[in-house]
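Heads up, the thing below is written out as structure tokens.
The values are calculated or read from the model by the stated rules, or taken from the named source; none is laboratory data. These figures come from a predicted structure and were not determined experimentally. Please note: Cβ atoms are built from the backbone with ideal geometry, for glycine as well, and neighbour counts cover all protein chains shown.
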Amino acid sequence: MTTSQTRTQPAPADPPTQRPPARPQLWDRRFTLFFTARTISLLGDAMMPVAAALAVGALYGISGVGFVLGTWTGTFVLLVLFGGVFADRFGARRMMIGADLVRVLTQGVLAAAFFVGPPPFWLLVTMAALAGGAVAMFLPGANGMVPLVAAEPQRANATLKVAEAIAHLLGPALAGLLIALTGAGTVYAIDAGTFLLSALCLVLIRLAPADGPDTPADTDSPTRTGSSLRRDLRQGWQEFRARTWMWAVILIWMVYGVLLFGPLVPLSSALIDARLGPNAYGLAVSFLGIGTVLGGLLALRLRPARPLAAGAVAMALYTALPLCVALDTGLPVLLAGHVLGGGSLAFWSVMWATSVQTHTPPAVLNRVSAYELAGSVSGIALGQILAGPALALASPERLLLISAGTGLAGCVALLAIPAIRTLRRAAPADGGTAGAPGGPHGK
């Protein structure tokens, strides 16, 4: 090779710079509509307990309130498994829209009844049963919709958790203010309006059509209509049972419901009210909401490789909540305990929801979600029922100490079970949808 040739030889090009892949966008049209629908719906849900306690209680007393709320919860537990089946069969979006429209009817009927005069008790119970059934049709699909509208389910779940916390901060205060100024009819009318807006946002969401048997069962065309209801329920149960980490968590959560979550509200509200007055309990609930917001924001930033293990460690802090009430701490410590409790539970909730969504085949996700919802809620309902009779056996302080001990024992159990402790984060599949065909399914 000559010198001139050597001089004119082009210099080797620099190797291309490897840039990290761009983070998927969260706030696209689908997620924005879904977020708006869920936030509006959550605000309506948050208003109802206060409306029932004040409006129904003024007419029919504590027993009337308990019966109305118990009817709502009982109907939900009985029907939520069918909600999961129908969401997988006909599409989660369709079921959510239908459930919202049913609640527009129930809340609208109650609004009209309160505007006319005191509604009869049978009407309150009937509408509570219909509303509870509607929620049973709504919630399994709401969980299954997240991977369909968000490329990063953890960020989406954390954002929704923050919105839920804010709704639970604003909803009760708004309901109480409206009842004091205008009456219960206005609250129920506004509640009906929230569900109408939620349904409208869901109608505007457009999802890609399913292109295989394992794609998410939420398209504009029905799926598996030839399958029997019993077969669908059995398949959902088999998928739920096949995941050791999932059913093990639900068993622990059922114990939590009976001994921790269920009795916590009636026992702590009575103790705080007796010691510091009703305003202190309202303040404590507000700080619980603040903690929930902080926990959701933390879950937006942290992406642990083993989400359930990280969530279990966080749940150890939840024991501060029953402890600060049982030990008769001062108001500052009480409020700090509620912040820790709200934050730890919110962080766990995001880790759990994301794990379920990304480690479950999309075609059965709604049914699996229904099974885990039924198990969790049934334990809480039983704990609420047993809280009163348990006072004949021990003082409220001692019962709350048992609750705190249960919380710690549950965290140890979560970390001691290998299937829970070692479950790893599922990477989003190509195309941006976590949990799509080809993604890892934890068992």
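Considering only helices (runs of 4 or more DSSP H) fully contained in segment 229-325, which possess at least 2 residues that are surrounded by fewer than 21 Cβ atoms within 10 Å (Cβ to Cβ) and polar (S, T, N, Q)?
Hits in segment 229-325: 229-242, 278-301.
Taking the criterion of being surrounded by fewer than 18 Cβ atoms within 10 Å (Cβ to Cβ), in contact (Cβ under 8 Å) with a residue 24 or more places away in the chain and either part of a helix (DSSP H, G or I) or outside the structural domain of residue 159 (by TED's automatic domain parsing) (or both), would at least one residue in segment 38-53 satisfy it?
Checked segment 38-53: at least one residue is surrounded by fewer than 18 Cβ atoms within 10 Å (Cβ to Cβ), in contact (Cβ under 8 Å) with a residue 24 or more places away in the chain and either part of a helix (DSSP H, G or I) or outside the structural domain of residue 159 (by TED's automatic domain parsing) (or both).
Show the residue pairs meeting these rules: Cβ distance below 8 Å; 6+ apart or different chains; first residue within segment 181-193 and in contact (Cβ under 8 Å) with a residue 12 or more places away in the chain and assigned to a helix (DSSP H, G or I); second residue among the small types (Gly, Ala, Ser) and surrounded by fewer than 18 Cβ atoms within 10 Å (Cβ to Cβ).
185/112
How about segment 54-98: which of its residues are within 30 Å of residue 206 (Cβ to Cβ) and either in contact with a strand residue (DSSP E or B) (Cβ under 7 Å, 6 or more places away or on another chain) or of a type in the set (Phe, Trp, Tyr) (or both)?
Across segment 54-98, the qualifying residues are 76, 82, 86, 90.
Enumerate the pairs (first residue in segment 147-175 and buried (at least 23 other Cβ atoms within 10 Å of the Cβ); second residue anywhere and acidic (Asp, Glu)) with beta-carbon separation below 6 Å, excluding pairs fewer than 6 apart on the same chain, so at least 6 apart or on different chains.
As it stands, the answer is 148/218, since those pairs meet every condition given.
Among the residues of segment 373-387, are any of a type in the set (Val, Ile, Thr), assigned to a helix (DSSP H, G or I) and more than 28 Å from residue 137 (Cα to Cα)?
No, segment 373-387 contains no residue that is of a type in the set (Val, Ile, Thr), assigned to a helix (DSSP H, G or I) and more than 28 Å from residue 137 (Cα to Cα).
Quick one: residue 226 ticks every box in (1) assigned to a helix (DSSP H, G or I); (2) at pLDDT below 85 except a single one, so which number is it?
(1)
From 80, 56, grab the single residue that is at pLDDT below 85 and assigned to a helix (DSSP H, G or I).
56
Please specify each residue of segment 54-107 satisfying the condition of being small (Gly, Ala, Ser), more than 20 Å from residue 146 (Cα to Cα) and surrounded by fewer than 20 Cβ atoms within 10 Å (Cβ to Cβ).
Within segment 54-107, 57, 58, 61, 63, 64, 66, 70, 74 qualify.
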